[in-house]
1. Using θ = phi - 60° and the Karplus relation 6.51 cos²θ - 1.76 cosθ + 1.60, list the HN-Hα couplings for the stretch 190-198 in order, rounded to whole Hz, with x at every Gly or Pro.
2. Among 457-469, 268-280, how do they line up by average Cβ neighbours within 10 Å per residue, starting with the highest?
3. Highest first, please rank the peptides 200-207, 30-37 by the mean number of other Cβ atoms sitting within 10 Å of their residues.
4. I need the peptides 343-353, 48-58 ranked by packing, meaning the mean over residues of other C-beta atoms within 10 angstrom, with the highest value on top.
5. For 335, 177, give me the order by solvent-accessible area with a 1.4 Å probe, most accessible first, ignoring ligands, DNA and RNA.
6. Compute, for residue 42, the solvent-accessible surface of its heavy atoms (probe 1.4 Å) with the complete set of protein chains present, and express it in square angstrom to the nearest 10.
7. So how far, in whole Å, is the C-alpha centre of the stretch 81-103 from the one of the stretch 192-213?
8. Students often get this wrong, so check it: of 122/245; 88/215; 341/479; 88/469, which have C-alpha atoms separated by over 28 Å?
Amino acid sequence: MPIEQARADLEQSELASPLPNARLLVVDDEEPVLELLGDILSEYPYQVDLVPTGEEAIDRMRAETYDLVLTDLNLPGTDGLGVLRAAKETDADVAVVLLTGNATISVAIEALRKGAYDFVQKPFQIAELEAALERALERRAFALKERSEGEIRKKMVEAARARQKTLYEIAKDITETIELDETLSRIVERSRDLCAAEQGLLFLLDESNGRLACKVDRGLEAEDRERERVISDLAEPNGKALYLKSPIEERIEDGSGGVRHAHVVPMLLEDEAIGTIAVLSTPGGRMEDDTPDLLPQLAGMASIAIRNVRSYEKARELDRLKSEFVAVVSHEVRTPLTSIKGSLEILSEGKYFQLSPEQEELLKISQANVERLEELITSILDFSKLESGRLSTSFEEIDPAAVLEGAVAEMRNLASRSEIELRLDLGESLPRIQADRLRLVQVVTNLASNAIKFSSPGQEVLIRAAAHKEGLRVDVVDKGIGISPSDLPRLFLRFQQLDSSNTRKAGGTGLGLVISKGIVEEHGGEIHVESEKGKGSTFWFWIPARQDEPDGEDPNPGRDGPSGPLG
């Protein structure tokens, strides 16, 4: 959604606040989006704080109380999941709404399971955002009201709590699966249970013909002809089903003169019906009194569940196609590249060919570029594996000292060619860790290679390791060009290179740090950077130590802990 169009829409937007004077915290690293959100919310009686990073958001939440947190999922440094976790730790009842793009739908779904109230996809529509905030604030208002209820309203609060618990259990049940057919089946079963109804049906809009198609029916045991008639009556009662904005009640006569009472509720997304849920009483019977009240809420949760599953299926298919494409392209590039590399190696053998100095220089340039292409292909394949969660697979108990010594040995030639002194400092009593040996070496060599690239001849690169907070911490320290504070948040973003002549001269794929971060996090650890422009940088990572704990105890109690320099 263009910013200009969003500002125009803002003038026509309306939102009746369910929680006057609510305090909102908005987190987004994109300045235009943050400014737009501030403009939208300034039209309403909210107290709004705008912050660009997850770290600042966490500091604010520790110092202030907020009713709602609206955060982008993809943030540099501490991401939206970190903000969600901190918000729930500060106030379990705070409402959290996520902003996300299509590439992170599966992560957003996981966030909903971890306590987020809802999420809105970018580019967002003003009406969709307002509706999500209104629902979240309604939930927050109810939670605050619960806290302040006196003894005189105790029974009413307990009843409301029971209803909320019922809806929560329903939401939990229908969002546990990521298969569409299973999700639809669970929605119908929980609708029947909620209303004590004998029959239940679910219809979805068929976009090819604009009509409702019955996807699930339960409890209809009549003959096929009678069953089809009931489905037909409910699919478009009075021609209104496709345009429902609120529940309706229908009377359906069966062949024996009995009457079923059917409640039909729409499943809406962005105020458009994607289908309907119908529950029916037995002939001549009535359903529970709560049906008109709770069933629409269930339908709202069902709409979100269906959207999430469809989005997940779409993301999964796109991920599959991407992985296949990367694998095929990488294979097709590797094959001729191997031939070229072999041919260059033969040409470089002096006993076969006598080359002039100019020809030798061209040959060295060609070999260097072949190596860069190999590194690029390997990085892209590793990144593809990282996104699918299968990068590190060979975990074993290892001695970190031996691994680090091997990694440093691999880097000595590069350091020597760059006239850089590479030094290893191993602390005493390093803890043994459970790790993928090759991937751990890859992290160290990635960080050391960067340190060497951005150091000047005659400088030193130090790799040091020490036991730290029930784990292992490894620092890679250089005295090179350093990194400006404005560039630090971009370091661990995919395909990012800092816009400086030094960076461009050093080259690279822009994936090394992203892959290193993914490897460390797969090991349950963390990776960080401390730098000052012109004074060098310290990249460090922490991995929890292997522990033999009794069943049921956390094997990595230090996972949330490492911070600050080594003592």
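1. Couplings: 6, 5, 4, 4, 4, 9, 6, 9, 7 Hz.
2. Highest mean packing first, the order is 268-280, 457-469.
3. The most tightly packed comes first, giving 200-207, 30-37.
4. Details: 343-353: 11.0, 48-58: 19.5.
Top of the packing list down: 48-58, 343-353.
5. Working: 335 75, 177 20 Å².
Order by accessible area, largest first: 335, 177.
6. Per-residue accessible area (residue 42): approximately 80 Å².
7. Distance between centres, Cα-based: 32 Å.
8. Numbers: 122/245 25 Å; 88/215 37 Å; 341/479 35 Å; 88/469 25 Å.
Over 28 Å Cα-Cα: 88/215; 341/479.
The values are calculated or read from the model by the stated rules, or taken from the named source; none is laboratory data. Nothing here was measured: the structure is a model prediction, and the numbers come from that model. Positions of Cβ are generated from backbone atoms using ideal geometry, with glycine treated the same way; all protein chains shown enter the neighbour counts. The area values use the complete protein model at the heavy-atom level, side chains included, leaving out ligands, DNA and RNA. Shrake-Rupley method; radii C 1.70, N 1.55, O 1.52, S 1.80 Å.
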